[in-house]
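All remarks here apply to the structure that follows.
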Amino acid sequence: MNLTTPDGRYFVIKGQLWRCSNPSLSEDVRQQLVNDLMAARREVKAAKASGDPGQLSAVRVKVQKAKVALGERGPVWWNDGSPDFNKCQVANTPYADWYLSLSAANPPAS
């Protein structure tokens with residue numbers, strides 16, 4: 001199940017918040033940035049296999065650049081002054097009650 005916070009800022013994986021892409025990006029721009037990110041991730045895999053630390057550092061810069069352009073890292077894309085909880089455990093954030101309410105509404109099957 002894909003869980004996105006009610007404000008659309010984060011998705012939850014294994015109880016951890018991950019920042020969503022900036023929703024104000026046009027679909028064309030977003031898709032190009034995702035393509036760039038996926039290409040950079042393939043380059044990371046190849047660089048790891050090559051064992052060249054310089055090459056690995058260079059391609060990780062490409063991953064970072066794409067993630068920042070998507071709004072998933074770097075400055076937040078919202079402008080209401082709310083802090084960034086990227087990579088935080090949801091239980092330690094203001095989203096904790098929302099997250100707990102989901103498990104209360106959907107108890108595990110026994």
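Any read-out appearing in this document is the output of simple, stated calculations on the displayed coordinates, not a laboratory observation. Because the structure is predicted, anything quoted here is derived from the model rather than measured.
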Taking H placed 1.01 Å from N in the peptide plane, check which residues at least 5 places from ARG73 or on another chain put their amide H under 5 Å from its amide H. VAL68
Which whole-number percent is the relative contact order of segment 24-71 (Cα, under 8 Å, 6+ apart)? 48 percent
Which of the aspartates and glutamates could a cross-linker bridge to LYS65, judged by Cα under 16 Å and excluding same-chain residues fewer than eight apart? ASP36, GLU43
Rounded to whole Hz, the Karplus (6.51, -1.76, 1.60) HN-Hα couplings of segment 70-80, x for glycine and proline: 6, x, 7, 9, x, x, 5, 8, 9, 10, 9
Hey, of (i) 13, 34, 30, 18, 5, 0; (ii) 15, 53, 31, 1; (iii) 15, 45, 31, 8, 1, which did the structure itself give for P(r) over Cα pairs in 10 Å bins from 0, in percent when calculated? (i)
Tell me which residues come under 5 Å, amide H to amide H, from TYR95 once H is placed; ignore anything under 5 positions away on its chain. none
Taking 0.36 nm per intervening residue step and subtracting the Cα-Cα distance, what contour gain separates SER103 from SER26 on full extension? 24.3 nm
Please list the non-local residues whose amide H lies under 5 Å from the amide H of GLN16, H modeled 1.01 Å from N, same-chain partners needing a gap of 5 or more. VAL90
Calculate one ³J(HN,Hα) per residue across segment 13-21 by plugging θ = phi - 60° into the Karplus curve 6.51 cos²θ - 1.76 cosθ + 1.60, and present them in order as whole Hz with x for glycine and proline. 10, 6, x, 10, 7, 10, 5, 6, 5
With a/c under 1.5 counting as rounded, go ahead and sort segment 48-93 into rounded, prolate or oblate using the C-alpha gyration tensor (a ≥ b ≥ c being the square roots of the eigenvalues; past the cut-off, prolate if a/b is larger than b/c, else oblate). oblate
